[in-house]
Amino acid sequence: MGKLLKFSEEADLDQLRKNAYARYDAGEYRNAIDLFEQYFAAGGNPSDMVRERKALVRLGRAYLKVSENQAAEDLIYRNLDALCALQFGRTFLMDAGVALPNFEFCQRAIINAFDEDEADLFTIRLDNVTATYTKAHSRLIADTVRRVSHLGGFPLYEQEQILRAELPRIPVTAAGPAVVAALRDDSIHPFVRTTLIVWARVLGVNEELALQIADKHYTYNPHFAKALGEDSVSQAVRGQVRQQAPEFPDEMVQLMLGMIYPLTEKLISDPAKFATALIGRDTGDESTAELLKWMNSQAEIVSNGLN
């Protein structure tokens, strides 16, 4: 990535953005990257979200032009929801997904398409790319399917690496069955299971699956699961924690709630009381205490396994 320069508060950010566009249009992609990065480092213009997202797309395209693929991929993951929300963002997801390749990006563009016509155009393009890619990379696909299907046999840090770096490189038609096979493995850690369920939801998996939380068995269907963290209970818990203990890390709250995804609404009946217990204050609720004890034990496994 380009060097981030210190930018004064009096700087003309609008002119900086225009200069970045001009460098991009002139084919000076490296200079464009430097200017766009300065623009966003200085705060950009959050009040104009459409313009900000257009600038993000142009920065992402500049990364691809100079083969900084990891930077492009990181940028997309940080802004995935924003890019999915607008047509030019979804088109960029398709373009980047094909170029990297990252079939997750392609699938995200399709499931967030504005209408059937847009979805059909994306799907036709993806089908053509998939056919060619499958012929050229059959061994890679087969190896990744095997590794994902038997995910539980790898150390925790390697499981995450497989899901983050390898699974996106295979077509969704191959990824779906592998993800379901991994989800049927009871030894999968809840931290990894959450990532798998998010994948299953993106891939359109529509079947009853089972999971175990604190020695209790439940069923769920990824097709009907809400997006991770978007259910009303998760949002209420996070809001309550911010209100009761602003210093408590929101990342930890999200990690803990992710342990029980997609059953948050089923397992937490009182978000305020759960938030109180989560930040370490006694509520006298034994069921909440037991659930948190289990969640903390799982969080400790994550800490030990990834560090």
Once both axes come from the Cα atoms, what is the angle between helix 232-244 and the longest principal axis of the chain, in degrees from 0 to 90, rounded to 10?
90 degrees
Restricting things to alpha carbons, tell me how big segment 121-225 is in terms of Rg and Dmax, in Å.
14.3, 46
Express the carbon and sulfur contribution to the solvent-accessible surface of the chain as a percent, rounded to the nearest whole number, probe 1.4 angstrom.
50 percent
For a quick check: with amide H placed at 1.01 Å from N, whose amide H comes under 5 Å from residue 213's, ignoring anything fewer than 5 positions away on the same chain?
218
Please identify, among 26, 119, 71, the residue showing maximal mean-square fluctuation in a Gaussian network model of the chain using a 10 angstrom Cα cutoff.
26
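For the chain, with every protein chain kept in place, what is the accessible area per residue (1.4 Å probe, Å²)?
Ligands and nucleic acids excluded, the figure is 51 Å² per residue.
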Quick calc, residue 184 & residue 244: beta-carbon distance into FRET formula, R0 35 Å, rounding 0.05, result 0.35
Which angle from 0 to 90°, rounded to the nearest 10, does the C-alpha axis of helix 69-78 make with the longest principal axis of the chain?
50 degrees
For each pair in 273/293; 226/273; 226/293, compute the distance between the two Cα atoms and list the pairs where it is over 20 Å.
226/273; 226/293
Nearest 10 degrees is fine. How inclined is helix 87-99 to the longest principal axis of the chain, computing both from alpha carbons?
90 degrees
Length added when fully stretched, residue 135-residue 227, from 0.36 nm per residue minus Cα-Cα
29.8 nm
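The values are calculated or read from the model by the stated rules, or taken from the named source; none is laboratory data. Keep in mind it's a predicted model, so treat the numbers as computed, not measured. Virtual Cβ from ideal backbone geometry, glycine too; neighbours counted across all protein chains shown. Just so you know, the surface numbers come from the protein's heavy atoms only, side chains and all, with ligands and any DNA or RNA stripped out. Shrake-Rupley method; radii C 1.70, N 1.55, O 1.52, S 1.80 Å.
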